[in-house]
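Report on the structure given below.
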Amino acid sequence: EKFKQVLHYIIFKVGNLDNVGKTVLYKMLYFSDFDYYELKENSLTGEKYIKLPKGPAPKDFNSTIKELESESKIEKYDSEYRGKSIE
């Protein structure tokens with residue numbers, strides 16, 4: 001639940017920016033957790049991260065996004081930034 005709240009907050013703040021897609025959200029979530037851990041010595045969200053080629057990603061990201069969409073809290077759309085597709 002905490003992970004869902006943090007993800008929703010980040011999307012609310014930066015989700016409409018042109019260059020923000022899944023990878024940027026992954027990094028923002030990871031660094032939020034990492035920075036909080038450095039200060040408090042426990043995880044902000046309690047989320048586990050998996051290793052991907054472009055850096056760590058939250059394990060439950062896709063299922064949490066689907067929950068937020070089904071609750072009509074966020075809306076997913078595809079766009080382009082500098083000629084590349086952004087999810």
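The dipole here belongs to the chain: it is taken about the Cα centre, uses +1 on the Cβ of Lys and Arg and -1 on the Cβ of Asp and Glu, and is about 240 debye. Need the list of lysines near residue 2 for cross-linking: C-alpha distance under 22 angstrom, and skip anything on the same chain fewer than eight residues off. Straight-line reach from residue 2, under 22 Å: 13, 22, 27, 40, 48, 51, 59, 66, 73, 76.
Solvent exposure of the chain amounts to 76 Å² per residue of accessible area, where only protein heavy atoms count and the probe is 1.4 Å.
In this rough spin-label picture, where each label sits 7 Å from Cα along the Cβ direction, the residue 63-residue 23 distance is 2.6 nm. Rounded to the nearest 500, the helix-only mean residue ellipticity at 222 nm of the chain stands at -15500 deg cm²/dmol, with each DSSP H run of n ≥ 4 adding -39,500 (n - 2.57).
The values are calculated or read from the model by the stated rules, or taken from the named source; none is laboratory data. Because the structure is a prediction, the values reported are computed rather than measured. Cβ sites come from the backbone with ideal geometry, for glycine too, and all protein chains shown count toward neighbours. Note: areas computed on protein heavy atoms with side chains; ligands, DNA, RNA excluded. Shrake-Rupley method; radii C 1.70, N 1.55, O 1.52, S 1.80 Å.
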